[in-house]
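What follows is a set of notes on a single structure, which appears directly below.
Only the coordinates and a few stated rules stand behind these numbers; no lab work does. Note that this is a predicted model, so its numbers are computed, not measured. Glycine gets a Cβ as well: all are built from the backbone with ideal geometry, and neighbour counts include every protein chain shown.
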Amino acid sequence: MESPTITFRGLILRSFCDSDAEAFTSAVLESVESVGRWMSWCSSDYTVQQALDWFAACRTALDAGTAFEYGMFCQDSGKFLGGVGLNEIRRQHKVCNLGYWVRQSMQRQGIASRCVQALSAHALHELGLNRVEIVIAIGNTASEGVAVKSGALRESLARNRLHIRDKSVSAHVFSLVPR
């Protein structure tokens, strides 16, 4: 399966290449304080090999049709900004999850909300899905703000919905659906 490159409002979203591993690792290590709190994989001992393993897992999921994972890059400079993806794709029910993270030095610049807008439009119009969910751990107010700014509707509070750092946590479930 082919993953299209998406260009949207100053951003390029494309599949990861193995040559992105060092930039990805650097961004992860920079972001442990902000991203690591919400995503267990983001830790101070993250390695280039872990990035390469993640890229391989992304290719496997793409081939299976269960995920489209993208690196986010600045259209002007080519700088690696973070990751965003459509995953947990369930074609039978035409639904998927949308997740995102932005490297710490580039947060609070509207990057994540632009990614959500671009990928939710891709999911709903190009992939033919009817629902995009964004699941956000309680307390992750930055990600909640992104979801709201992107036009997602907060639908529920799901108990024990996520597992972060060996602990089950409740999460808000937001959705985007075709208008």
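At a glance:
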read-out	value
Selection from the range 136-179 of residues that are more than 13 Å from residue 117 (Cα to Cα), surrounded by 12 or more Cβ atoms within 10 Å (Cβ to Cβ) and among the basic types (Lys, Arg)	154, 161
In the range 4-61, the residues that are loosely packed, with under 13 Cβ neighbours inside 10 Å, touching a strand residue (DSSP E or B) at 6+ places or on another chain (Cβ under 6 Å) and aliphatic (A, V, I, L, M)	none
Matching residues in the range 64-83 - criterion: being assigned to a loop (DSSP other than H, G, I, E, B) and surrounded by 15 or more Cβ atoms within 10 Å (Cβ to Cβ)	66, 67
Cβ-Cβ under 6 Å pairs, at least 6 apart or on other chains, the range 139-160 side in contact (Cβ under 8 Å) with a residue 24 or more places away in the chain, far side surrounded by 20 or more Cβ atoms within 10 Å (Cβ to Cβ) and in a strand (DSSP E or B)	143/136; 144/136; 147/134; 147/174; 152/134; 152/174; 152/176
Within the range 1-27, tally of residues that are in a helix (DSSP H, G or I) and touching a residue at least 60 places away in the same chain (Cβ under 8 Å)	2
Matching residues in the range 89-128 - criterion: being farther than 16 Å from residue 73 by Cβ and hydroxyl-bearing (Ser, Thr, Tyr)	113, 120
Among residues of the range 33-63, those that are part of a helix (DSSP H, G or I) and touching a residue at least 40 places away in the same chain (Cβ under 8 Å), counted	4
Residue 132 being in contact with a Ser or Thr (Cβ under 8 Å, 6 or more places away or on another chain), buried (at least 22 other Cβ atoms within 10 Å of the Cβ) and not in a helix (DSSP H, G or I)	yes
